[in-house]
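Engineer: Mind having a look at this structure? Questions to follow.
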Amino acid sequence: MARMALSEADLAQAQAVPSVAAPDDSASHGAIRIWGDEKPAWFDAMVDAPPEELKQRFSGIYGKPHAYLALSGGGENGAYGAGLLTGWTASGRRPEFTMVTGISTGSLIAPFAFLGPEYDRQLTEIYTIYSTKDLVDKRPLYQILSAASVADTTRLRRLIANYMNAEVIAKIAAEHRRGRRLFVGTTNLDAGRPVLWNIGAIANSKDPRAAALIHDVLMASASIPGAFPPMLIKVEANGRTFDELHVDGGTTSQVFLYPVGVDWRKVTRNLKVPGKPDVYVIRNASLDPVYDPVKPRLVPIAGRSISTLIRTQGVGDMYRIYLGAKRDGLNYNLAFIPSEFDVKSSEPFDLAYMRKLYQLGYEQGVAGTAWHDSPPGFEQ
């Protein structure tokens with residue numbers, strides 16, 4: 001994979017293509033993306049703008065109750081989140097989300113969760129009619145030895161482009177102009193840091209390259225290192241064009257809401273939000289460890305180690321969001337795949353498995369039984 005890599009010195013000036021100037025500071029990563037582990041330099045100036053300016057910029061969310069949705073990674077387990085959302089719609093209790101964030105499989109759910117119940121059909125289709133053969137092609141062994149991944153994801157790219165079409169992107173842009181926000185997380189592999197992409201700002205840019213960048217970001221967020229190829233994303237710095245290497249957002253975080261350095265109390269105070277905002281975290285995974293004796297060989301040991309790391313990282317992310325919510329005066333709600341669901345998957349995207357998991361999520365969404373007010377161990 002040939003690329004023109006950024007130097008560390010150029011990284012601070014890198015702007016994604018197409019670039020959109022940040023509200024008060026066009027340096028750094030601009031308004032279409034920020035580092036996921038630090039507060040943007042322009043954040044305070046934006047939030048402290050005069051009330052009339054805030055009311056105009058955030059017309060659809062100013063002075064109104066807020067609800068935030070964070071969708072985790074989990075591969076085929078995204079069927080749980082898709083089912084939960086559609087069941088939630090059927091219950092008549094699903095709110096309009098002020099902000100939606102997604103990582104990995106969560107990034108594929110996020111745009112449709114953001115646009116609301118009108119797009120439940122697309123969510124259902126993605127997780128109940130496509131299997132492994134529709135999404136990826138396994139490379140022959142002789143290709144794997146020289147390739148960047150085990151699988152070719154051309155089919156997945158086509159699927160994303162089909163669902164994230166011009167009409168969908170235009171609707172995301174319209175909601176962005178109302179002040180609602182849609183973020184997708186990737187990992188900048190060179191920097192070893194999380195990047196949060198403002199999909200609405202990209203959609204609203206009017207640049208003809210915007211759709212391709214959105215597709216790249218969604219692909220990158222779901223690109224499991226080693227299994228799926230990484231994404232090269234074009235950036236400009238100091239008058240030159242470079243390639244950043246981005247992979248699965250789950251490499252640095254399984255689920256996110258906003259950088260911990262952000263004072264969200266200031267956000268809700270200055271936007272005149274009545275009452276406490278609600279935070280909904282959907283962890284597309286079970287939280288319980290599974291006992292499974294490992295063969296003392298390289299591949300089984302590596303695979304089991306990675307899956308264990310992902311599980312424990314996800315638990316840590318849920319605790320982090322919980323503590324941030326309590327600090328910032330937000331109501332915390334967590335859903336995850338219950339341990340009682342004991343169906344086994346026989347391939348990376350097992351259609352029978354996903355349909356059963358989708359149905360479980362749907363039933364919980366209708367009944368309202370999915371939500372917990374704290375992570376395990378923090379019960380009131």
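The values are calculated or read from the model by the stated rules, or taken from the named source; none is laboratory data. Everything quoted here is computed from the prediction, not taken from an experiment. Here the Cβ is made from the backbone with ideal geometry for all residues, glycine too, and neighbour counts use every protein chain on show. Ligands, DNA and RNA are excluded from the accessible area calculation, which covers all protein heavy atoms including side chains. Shrake-Rupley method; radii C 1.70, N 1.55, O 1.52, S 1.80 Å.
Engineer: Inspect all residues belonging to region 123-133 and state whether any of them is in contact with a Lys or Arg (Cβ under 6 Å, 6 or more places away or on another chain) and surrounded by fewer than 20 Cβ atoms within 10 Å (Cβ to Cβ).
Structural biologist: So far as region 123-133 goes, yes, one or more of its residues are in contact with a Lys or Arg (Cβ under 6 Å, 6 or more places away or on another chain) and surrounded by fewer than 20 Cβ atoms within 10 Å (Cβ to Cβ).
Engineer: Then there is this: Report, by residue number, each residue of region 324-357 that is closer than 17 Å to V281 by Cα and buried (at least 21 other Cβ atoms within 10 Å of the Cβ).
Structural biologist: A325, L330, Y332, L334, A335, F336, I337
Engineer: Would you be able to say whether some residue in region 90-100 is among the aliphatic types (A, V, I, L, M), surrounded by fewer than 21 Cβ atoms within 10 Å (Cβ to Cβ), over 18 Å from R181 (Cα atoms) and touching a residue at least 40 places away in the same chain (Cβ under 8 Å)?
Structural biologist: yes
Engineer: While we're on this one: Among the residues of region 8-58, what is the count of those that are loosely packed, with under 13 Cβ neighbours inside 10 Å, part of a loop (DSSP other than H, G, I, E, B) and modelled with pLDDT of 80 or more?
Structural biologist: Within region 8-58, residues that are loosely packed, with under 13 Cβ neighbours inside 10 Å, part of a loop (DSSP other than H, G, I, E, B) and modelled with pLDDT of 80 or more number 2.
Engineer: Ok, one more. Can E236 be described as of a type in the set (D, E) and buried (at least 23 other Cβ atoms within 10 Å of the Cβ)?
Structural biologist: No.
Engineer: Can you tell me which residues in region 209-231 are modelled with pLDDT under 90, of a type in the set (A, V, I, L, M, F, W, C) and more than 15 Å from the chain's Cα centre (by Cα)?
Structural biologist: A227, F228, M231
Engineer: What number of residues in region 276-291 are at pLDDT 95 or above and not in a loop (DSSP other than H, G, I, E, B)?
Structural biologist: Number satisfying all stated conditions: 7.
Engineer: Out of the residues in region 192-214 that are touching a residue at least 24 places away in the same chain (Cβ under 8 Å) and basic (K, R), state the one that is farthest from I103 (Cα to Cα).
Structural biologist: R209
Engineer: Considering T312, T308, T251, which residue is more than 28 Å from R57 (Cβ to Cβ) and crowded, with 17+ Cβ neighbours inside 10 Å?
Structural biologist: T251
Engineer: While we're looking at this one, here's another question. Kindly indicate which of V255, V273, V294 is within 17 Å of the chain's Cα centre (by Cα) and either in a loop (DSSP other than H, G, I, E, B) or of a type outside the set (G, A, S) (or both).
Structural biologist: V255
Engineer: Of the conditions (1) under 17 Å from Y80 (Cα atoms); (2) in contact (Cβ under 8 Å) with a residue 60 or more places away in the chain, W264 satisfies every one except a single condition; which number is it?
Structural biologist: (1)
Engineer: When region 62-84 is examined, which residues are found to be open to solvent by less than 10 Å² (accessible area, probe 1.4 Å), of a type in the set (S, T, Y) and either more than 15 Å from L196 (Cβ to Cβ) or without any contact (Cβ under 8 Å) to a residue 24 or more places away in the chain (or both)?
Structural biologist: If the condition is that a residue be open to solvent by less than 10 Å² (accessible area, probe 1.4 Å), of a type in the set (S, T, Y) and either more than 15 Å from L196 (Cβ to Cβ) or without any contact (Cβ under 8 Å) to a residue 24 or more places away in the chain (or both), then Y80 is the only one that fits.
Engineer: Can you tell me which residues in region 365-380 are touching a residue at least 60 places away in the same chain (Cβ under 8 Å), open to solvent by 30 Å² or more (accessible area, probe 1.4 Å) and within 22 Å of the chain's Cα centre (by Cα)?
Structural biologist: Residue satisfying the conditions is W371 alone.
Engineer: Against the condition at pLDDT 95 or above, in contact with a Leu (Cβ under 8 Å, 6 or more places away or on another chain) and open to solvent by less than 10 Å² (accessible area, probe 1.4 Å), how does G87 come out, does it pass?
Structural biologist: Spelling it out, it is not the case that G87 is at pLDDT 95 or above, in contact with a Leu (Cβ under 8 Å, 6 or more places away or on another chain) and open to solvent by less than 10 Å² (accessible area, probe 1.4 Å).
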